[in-house]
Structures are given as C-alpha cells and as structure tokens.
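S.K.: Let me begin by handing over the structure; questions about it come next.
The values are calculated or read from the model by the stated rules, or taken from the named source; none is laboratory data. Model, not experiment: these values are computed from the prediction. Counting neighbours? That spans all protein chains shown, and the Cβs are built from the backbone with ideal geometry, glycine included. Heavy atoms of the whole protein, side chains included, go into the accessibility calculation; ligands, DNA and RNA do not. Shrake-Rupley method; radii C 1.70, N 1.55, O 1.52, S 1.80 Å.
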Amino acid sequence: MVFLRSKIASTLLALAAATVVSPSLLAAEPVTVISGGDILTMEGSSPRYAEAVVVKDGVIRFVGAKSEAMKLAGAKARLFNLGGKTLMPGFVDAHMHPVQAASMLAPQFITPFDWKFPWGDAKAVRGSAAFMAKLKASEAGTADGLPLVVWGYLKPFHGDLNRAMLDKVSSTRPIIVWSYSAHEMYFNTAALKAYGFTAEEVAGNKQVDFENGFYREAAMIEIAAPKIMSVLFDPKKIPTGLRRVRELAHQGGVTTMGDMGTGSSGSLKNDLGVITSILDNDASPFRMALVPDAKTLDMQIKDKAKLVSMVKALPDTSTAHKAFPKQVKLYADGAFFAEAMRLELPGYSDGHQGEWMMPPERLEALIGQWWKEGYDIHIHCNGSEALTLILDSLDKAMTVHTGKGQRLVIEHFGVSTPEQSKRIARMGNVFISANPYYHYSMSDAYSNGSLGAKAGAEIVRLGSLAENGVKFALHSDFTMAPMEPLFLAWIAVNRVNAVGNQLAPQERVSVYNALQGVTINAAYMLRLENLTGSIAVGKKADFVLLDQNPMKVDPMKIKDIEVLGTMFEGKPYPLHQDASPLPEKYDPANIHLDIH
C-alpha cells in the first residue's frame, strides 16, 4: 500500500491486540515494523523518539530500538520505511460538531477569512459593500423556489446588517444569514413569513430584535432554529456534508474527534442515526467520542432518572468508530465571535454585558447533578465572568459530592485573567480545551474595538496555563476554525494573527506543548488517553505521517507542514486516494430532524 506519491513505499500498517509482547505470539499473525524516520511518540513531558514501532491487529506492540523490534517481529515481518518522514500519533480534535458542521457546509460561505476546500475555495470577503455585493450575487445564482442560506457574517468585518438590507436583496425569496458564530441569525421579511415567525411570540425577549429580523443565542437556538430545521438540517444534504467533514478530518491528519454536544441539533436520536449511517464505517479514518448535549436533553426529558438512565446506556452502542466517554456537555455564556461572552469588569468598552446561554442558576444545578452522577463535564465558556461562575459552581458541587476522579473541561477559553489560570491550577480537576483561532481571527479587531488593547491581545492565554501547569488542548470547533491541527499549533506557538501582528507574545507556548494540545492532551479531555494520543505499547495504532518534523522546522513554518496520510487502528489511509468506503445504510425518509 502506497501512503502517497513519493518514494515512501508504504507508511502505515496494521498493528496488534495482545497485551504481552513475545516473539512467539507476534509470529502467529502478520506483523509490521515501521522505521526509517523520526517517530515522535508524544510520551512524557519532553520530546521522545523511537527507532521503530511494531504493530499487529491494530495495536502497538513495541516501541523502541529497531534491532529489538526486528527480533520480536521475526523474519516474516512486513517492513515499512518512512523514508525520512515523520510519524506522530494521529491528531485529536477534541471539540467538533459533525452534524452541525455538515449543515454549515451546505450554505454559501461569505466570511472574512479564506477557506480552502477540496471541492472549491471560499475567498475572504470584507467590508459592508463587498458583503452585500456577494450576497446579491449568491441570490441571483440560487434557483427559483429555494431559500438562500449564507454562513459567515461577522459584524467587525462586514458592518451592520438588518432585515431592511436583506429585503433589498430580495423581497420574495426567503434569505437566512447565519452568522460566523453560529449563535445568531438574520432573516428577511420573506423568511419571517415563510417560516411562521411572529412579533407576538418574542415580545419582551431581549435576545430578539424582530423589527430587524435578528435572533441571537438562546432565542436563535430555541425559537428560530426549530422553525427552519428542515432548511438547516436538510436530510438530503446532511450526508454530503458529513462526507465532507470526513474528508477534511483526514486531510488534517485527525484520527479522533470529539462530538462536543451530540443532540444539539434538537434530536439526540437523529444525530446518532445520521452519524451512524454515514460515518460509522471503515471509510472514516477516525473515531468519534460522542458527548451528549445535557442542556438540550434536560429541556426535553423532565424525568431526570430517565434522562440519566438513557445517557448511561449510550456506551452499549459503541463501535470502533463511536465511543461514549462518561461525559456530558453544558453551556455557560454566549458566542465569542458575536461579542456575547460574559466578562468581568471592566467588561466591554461600549458597556454591553454579553449573554447567557443558560441561566446561571440552571447551569449551577446541572453541574451539581452530573457531578453527583460521576460524569466529566464539558462546559462551553468564552468569558471571564462565565468562567468564575463555573469554578464557583464546581466548588459548591464538591462540598456535597467530592467527585469520583472526574474532570471538568472548559471549552473555548476566550477571555480570562491570570488569576483564573492560577485558581484552575490549584483546583487540580479543571482542564482547558481552547480554540486558538480566536486569537488568530479576532485579536486585532477586538484589541481595536470592544475589548481594548490589553484584553484583546491576550485572547486565549495559553502561556498562563502552561506557566501554572494546567493541562490544555487545542480544538477547531469546525467551522469556527479550520480542522487543521498543525495550523492551530502554529497559532499557539507564534501568536501571530490574521493580519500578521504578534500580540501578547508572553502567552506563547513551546512547540512541544502545542503538539501535546493536538495529541495526548486532547485525548485526555475525552478520557481516551489510554487508547490513543501517543505512540505507546497497548494503544491503538493511530498515526499521522508528516513530510517534516514540527519539532525541527522554523516555528513559523509549522502550519506549512504537509499531512501525507494517516493510519487508524492499523489501517492505512493515504491522502489523494480513494479510501474505498463501505456501502452506507442511509435513508433520508427515516431521519426526521425536528427539535424534540
């Protein structure tokens, strides 16, 4: 099997499922020895390399000297020469939303940042005039009778937007503009009428500006989204979107991803159904750790004992491609890209306060409930006030139930203070899964805008976490960031933003720390660190092959390293070659994407 186009005869293999290494046992079935390049294991607190890896039946059987590997493997072993390339553990993107991402790949992209896709690039669009011109062109190119759905509007780059502006694009075609944050939507009059929106149903709701066709945060998720579910989650389009998610994950070298909020579309059953139908097969070179959206489930299932019982039963449906760690997902404040995070004083320069996705008292209660049940808790958190609420709530929960070795993971970590990093370190059971793309995309705009120079520059303060010994991971939350772990690592190492400015260099981290963030630490956030995330005996043979070693290149070139292919549980998945997918068992008529 050729891993790719170069002189590498083949670079990913099939490994082993026994726990005790012995020559006789290894000789019973085909064994593979990998050597001939840098094998960066990601074991330990500093870089460690191995000469060779022995694999069998999808599991790593030996890591160490080549001479010893050859003795164990025997004369009939298959030998794979890396040809001087670099082998690492497969990358882990610990925060994704596959179904939501699939739905967001269907609309037309009009965003302030470049996106590169195998099926066609989306060039950056900036400025109000350019945004509206692109929107008009998109409308003109949409077939009669269909709504126009656009994703990517971002106010700091595109200026104001409202219903009247959209009505000028079309007074007859429904137009839905889904903001970059995914937490806000704008509708023209035709869309409001077509999908049954009324001013009466949102009277007094501060998260809705009906006159301007604007819904945000909980109002968008709980009121607007259910009305347009058939448009956003079109059962005929979701399969194509999920296949594209699979393609992008492979392209990025991802062999494990976290679905951080399964059921957030409004139906856990339907999310699991479409994921199983399209992604749960050997065409997918990755596993998914599915973490149920406990906020949505709590709204839908009033019998709490029934809810907990249902969540506890999910692991019974695990497969090689689906894992259910003992974890749930909750939400605190609003979206980072929408300037809706809740901040401690001095807050925003214009005086606005941000939004809560869950009322604080409800969040505190659910933290206590799931902590008592022994679950790890992941919490969407973007602002410093929300972070304090979460830490205080965990302290309260632990006065009643000290916990059973659980972990609380802060998801995103947009704006925080140095004191909070120190507090997290003292607590010892709180960890961070951060989105460094926040800094890349928004640090310049926010430094010159609502956050001010200092707070805007210090977005996603990873250096403070490293200084205090707090374990952190890096994630994409695709489409909030490209699903490119090496690019995320590059941001963490260099803190250079989209306009080329380096802000808050004291918050940079080492290359090795950044690589931990997309391998072993990311696996840790999903409680999969004993299964994957490093190259060690007994772990799954999940690898990524790179054309250069990230530890040995100029740090500014880390993002340019090419992913050549991956291996998932011993099966090679070269890039630029059909992975020969298995037949999918998908019938859109059986998927009903309603909100309940």
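S.K.: Within the set of other residues whose C-beta is less than 14 Å from the C-beta of PHE109, count the net charge using Lys and Arg as +1 and Asp and Glu as -1. Provide the component values of the computation, followed by the final result.
M.R.: Details: positive: LYS116, LYS123, ARG126, LYS134, ARG244; negative: ASP114, ASP121.
Computed value for this residue: +3.
S.K.: Protein chains only, probe 1.4 Å: how do THR189, THR32, THR172, THR319 rank by accessible area, largest first? Present the calculation step by step, with values, prior to reporting the outcome.
M.R.: Working: THR189 35, THR32 0, THR172 115, THR319 60 Å².
Listed by decreasing accessible area, they come as THR172, THR319, THR189, THR32.
S.K.: Right, next: Under the rule a/c < 1.5 gives rounded, and otherwise a/b versus b/c splits prolate from oblate, where does the stretch 407-519 land using the Cα gyration tensor? Walk me through the intermediate numbers first.
M.R.: Details: a/c = 1.62, a/b = 1.22, b/c = 1.33.
Note, shape of the stretch 407-519 comes out oblate.
S.K.: Charges only on Cβ, +1 for Lys and Arg, -1 for Asp and Glu: so what's the dipole of the stretch 374-489 about the Cα centre, in debye to the nearest 20? Display every interim value, and only then the final one.
M.R.: Values: 9 positive and 11 negative charges, 79 e Å.
Here the stretch 374-489 has a charge dipole of around 380 debye.
S.K.: How would the stretch 510-577 be classified by its alpha-carbon gyration tensor: rounded, prolate or oblate, with rounded meaning a/c under 1.5 and the a/b versus b/c comparison settling the rest?
M.R.: On the way: a/c = 2.38, a/b = 1.17, b/c = 2.04.
Cα axes put the stretch 510-577 in the oblate bin.
S.K.: Can you give me the relative contact order of the chain as a percent, contacts being Cα pairs under 8 Å and 6 or more apart? Could the numbers behind the result be given before it?
M.R.: On the way: 1349 pairs, mean separation 112.2, N = 596.
Averaging sequence separation for qualifying contacts and normalising by length gives 19 percent for the chain.
S.K.: So if R0 is 25 Å, what FRET efficiency would GLN300 and ALA365 give, r being the distance between their Cβ atoms, rounded to the nearest 0.05? Don't jump to the answer; show the numbers that get you there.
M.R.: On the way: r = 16 Å, r/R0 = 0.66.
For GLN300 and ALA365, the calculated efficiency is 0.95.
S.K.: Something else about it: Looking at the chain, do any whole DSSP H helices span at least 24 angstrom along their long axis by alpha carbon and average -0.5 or above on Kyte-Doolittle, and which?
M.R.: What comes out of the filter, once short or polar helices are dropped, is 384-400.
S.K.: If you don't mind, there's one more thing I want to ask. Using only protein heavy atoms and a 1.4 Å probe, report how much of SER181 is accessible, in Å² to the nearest 10.
M.R.: Result for SER181: roughly 10 Å² accessible.
S.K.: Quick check: residue separation of SER349 and PHE117 times 0.36 nm, minus the Cα distance between them. What number comes out in nm? Could the numbers behind the result be given before it?
M.R.: Working: separation 232, 0.36 × 232 = 83.52 nm, distance 3.69 nm.
Extra length available between SER349 and PHE117 comes to 79.8 nm.
S.K.: Starting from the amide H of LEU564, placed 1.01 Å from N in the peptide plane, find each other amide H under 5 Å away whose residue is 5 or more places distant or on another chain.
M.R.: Placed amide hydrogens put LEU545, LEU546, ASP547 under 5 Å from LEU564.
S.K.: Please report, in debye to the nearest 20, how large the charge dipole of the stretch 238-289 is about its Cα centre when each Lys and Arg carries +1 at its beta carbon and each Asp and Glu carries -1 there. Provide the component values of the computation, followed by the final result.
M.R.: On the way: 5 positive and 5 negative charges, 15 e Å.
About 80 debye.
S.K.: Rounded to the nearest 5, what % of DSSP beta bridges with both residues in the chain are antiparallel? Don't skip to the end; give the middle numbers.
M.R.: Values: 35 of 79 bridges.
Percentage antiparallel, nearest 5: 45.
S.K.: Here is a follow-up. Taking the Cα centre as origin and putting +1 on Lys and Arg beta-carbons and -1 on Asp and Glu beta-carbons, what dipole magnitude results for the chain, to the nearest 20 debye?
M.R.: Numbers: 60 positive and 61 negative charges, 270 e Å.
Dipole size: approximately 1300 debye.
S.K.: Let me ask another. For the stretch 61-169, what is the largest minus smallest coordinate of the Cα atoms on each principal axis, given in angstrom and ordered from greatest to least?
M.R.: That works out to 74, 31, 24 Å along the principal axes.
S.K.: Further question: Keeping every protein chain present and rolling a 1.4 Å probe, give me the accessible area per residue for the chain in Å².
M.R.: Details: 22230 Å² over 596 residues.
Ligands and nucleic acids excluded, the figure is 37 Å² per residue.
S.K.: Taking the Cβ of SER128 as the centre, find all other residues whose Cβ is under 13 Å away and add up their charges (Lys, Arg: +1; Asp, Glu: -1).
M.R.: Numbers: positive: ARG126, LYS134, LYS136, LYS155, LYS168; negative: ASP160.
Residues near SER128 contribute +4 overall.
S.K.: I need to check one value: relative contact order of the stretch 293-397, counting alpha carbon pairs closer than 8 Å and at least 6 residues apart, in percent. Could the numbers behind the result be given before it?
M.R.: On the way: 131 pairs, mean separation 30.5, N = 105.
After rounding, I find 29 percent.
S.K.: Could the peptides 110-118, 139-147 be put in order, highest first, of the mean number of other beta-carbon atoms found within 10 Å of their residues?
M.R.: Numbers: 110-118: 16.7, 139-147: 10.7.
Peptide ranking by packing, descending: 110-118, 139-147.
S.K.: Carbon and sulfur atoms: what percent of the 1.4 Å accessible area of the stretch 253-353 do they account for? Could the numbers behind the result be given before it?
M.R.: Working: 1760 of 3240 Å².
Solvent-exposed carbon and sulfur of the stretch 253-353 make up 54 percent of the total.
S.K.: If the cut-off is a Cα-Cα distance under 20 Å, which lysines reach LYS306, setting aside same-chain residues fewer than 8 apart in sequence?
M.R.: Candidates past the 8-residue exclusion: LYS269, LYS295, LYS326, LYS329, LYS372.
S.K.: Using alpha-carbon positions, what is the distance between the centroids of the stretch 481-496 and the stretch 146-168, in Å?
M.R.: Centre-to-centre distance over Cα atoms comes out at 28 Å.
S.K.: Still on this model: If only Cα atoms are counted, what is the Rg of the chain, and what is its Dmax, in Å?
M.R.: Spelled out, the Cα radius of gyration and Dmax of the chain are 23.8, 78 Å.
S.K.: Tell me which of ASN521, ALA73, TRP178 sits at the most positive position along the dipole axis of the chain, charges placed on C-beta atoms (Lys, Arg +1; Asp, Glu -1).
M.R.: ALA73
S.K.: While we're here: Lysines near LYS136 by alpha-carbon distance under 20 Å, same-chain residues fewer than 8 away left out - which ones?
M.R.: Counting by Cα, and skipping residues close in sequence, LYS136 has these lysines nearby: LYS123, LYS155, LYS168.
S.K.: Positive end of the dipole of the chain, charges at C-beta (+1 Lys, Arg; -1 Asp, Glu), about the Cα centre: which of GLY37, GLY141, LEU166 has its Cα farthest in that direction?
M.R.: The residue sitting farthest along the positive end of the dipole is GLY37.
S.K.: Could you work out [θ]222 nm for the chain from helices alone, using -39500 (n - 2.57) per DSSP H run of at least four and dividing by all its residues? Round to the nearest 500 deg cm²/dmol. Before the final figure, lay out each step's value.
M.R.: Working: 21 runs with 182 residues, N = 596.
Helix contribution divided over all residues of the chain: -8500 deg cm²/dmol.
S.K.: Here is a further query. Give the carbon-plus-sulfur fraction of the accessible surface of the stretch 77-136 in %, rounded to a whole number; probe 1.4 Å, heavy atoms of protein chains only. List each step's numbers first, then the result.
M.R.: Details: 1070 of 2170 Å².
Heavy-atom surface of the stretch 77-136 belonging to carbon and sulfur, 1.4 Å probe: 50 percent.
S.K.: Moving on to the next point. Counting Lys +1, Arg +1, Asp -1, Glu -1, what net charge surrounds PHE286 among other residues with beta carbon under 12 Å of its beta carbon?
M.R.: Working: positive: ARG246, ARG287, LYS322, LYS540, LYS571; negative: ASP93, GLU247, ASP259, ASP280, ASP282, ASP542, GLU569.
Around PHE286, the charge tally is -2.
S.K.: Leaving out ligands, DNA and RNA, and with a 1.4 Å probe, what % of the accessible surface on the stretch 401-502 is carbon or sulfur? Walk me through the numbers before you get to the answer.
M.R.: Details: 1380 of 2910 Å².
Here it works out to 47 percent.
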